[in-house]
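The values are calculated or read from the model by the stated rules, or taken from the named source; none is laboratory data. The structure presented is a predicted model; accordingly, all values stated were derived computationally and were not measured. Because the Cβ atoms are built from the backbone with ideal geometry, glycine has one as well, and the counts that use them run over all protein chains shown. Heads up: the accessible areas ignore ligands, DNA and RNA and are worked out on the full protein's heavy atoms, side chains in. Shrake-Rupley method; radii C 1.70, N 1.55, O 1.52, S 1.80 Å.
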Amino acid sequence: MKIQPVIQVNNLSKHFSVAEKTEGFGASVKSLFSRKYKVVKAVDKISFEISEGEMVGFLGPNGAGKTTTLKMLTGILYPTTGQVNVLGYNPTDRIEAFQKQISMVMGQKNQLWWDLPPTDGFLMNREIYQIPHAEYKQTLSELVEILDISEILNTPVRKMSLGQRMKCELIASLLHKPKLLFLDEPTIGLDIGTAKRVREFLLKINKQLNTTIILTSHNMEDVSAVCERIIMIDHGHKVYDGSIS
């Protein structure tokens, strides 16, 4: 019996219309009344499949289309053309049952409130995902122990180091035990020791919960430590899909 992939992408594209701006004051004034636009193909006809439990590195230079692709897979952006199926759903339908099975961590974006301790953010996520109280307490306790952050749980997020904040962001994203985890530069700015612990943590949840993980990173240590397969894109085109070796 063939196993159904958790992600199926077929000829996926995302094009943006961007205003062209020329130099000079006169050109700036003229652009107020008449603007020229160009089409930027951020993602252009890429196709791939990812099976349950895979840990896949999604690589490419800045501007290659990595984050744009992840946003289409999670339903944040609508594709221009192509088909996407994630966990049996069309992500852009934004069905609650789908959203409760995924999570996305972006290294340069906060989901926790800046002026409040992470415990408040965790409780909010418990309400959003309707996690039973006993299950919430057990999962939180396990994640706090694994990432060793018990001493900072009541510290306002703004007073934390980047490494401490990223650990809390990971916990917030995993409280509802998602089947699919999207990570966009999760170790950016972290020291070597913290980044190593985050990688070990990802391997552990993949083994224990069979969580499917899609990882984008410019740090090849992240990718080589966590992923066996990589998908590489450049200028919106898929240029490689195969073993990291």
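Specify the residue that is modelled with the lowest pLDDT; the eligible residues are those in the range 1-43 that are under 30 Å from residue 228 (Cβ atoms), open to solvent by 20 Å² or more (accessible area, probe 1.4 Å) and part of a strand (DSSP E or B).
41
Run residue 218 past the list (1) at pLDDT below 90; (2) within 26 Å of residue 123 (Cα to Cα) and report the number of the one that doesn't hold.
Result: residue 218 passes all but (2).
I'd like the residue in the range 55-83 that is of a type in the set (A, V, I, L, M) and crowded, with 19+ Cβ neighbours inside 10 Å and, out of all such residues, is farthest from residue 232 (Cα to Cα).
77
Only one of these conditions is not met by residue 207: (1) in contact with a helix residue (DSSP H, G or I) (Cβ under 7 Å, 6 or more places away or on another chain); (2) open to solvent by 90 Å² or more (accessible area, probe 1.4 Å). Which number is it?
Every condition holds for residue 207 apart from (1).
Collect the residues in the range 45-72 that are out of contact with any Cys (no Cβ under 9 Å at 6 or more places or on another chain), acidic (Asp, Glu) and in a loop (DSSP other than H, G, I, E, B), keeping them in residue-number order.
52
In a helix (DSSP H, G or I) and over 17 Å from the mean Cα position of the chain (by Cα), is that true of residue 207?
Yes.
Out of all the residues in the range 166-173, is one or more farther than 14 Å from residue 58 by Cβ, surrounded by fewer than 14 Cβ atoms within 10 Å (Cβ to Cβ) and modelled with pLDDT of 90 or more?
The answer is no, given that none of the residues of the range 166-173 is farther than 14 Å from residue 58 by Cβ, surrounded by fewer than 14 Cβ atoms within 10 Å (Cβ to Cβ) and modelled with pLDDT of 90 or more.
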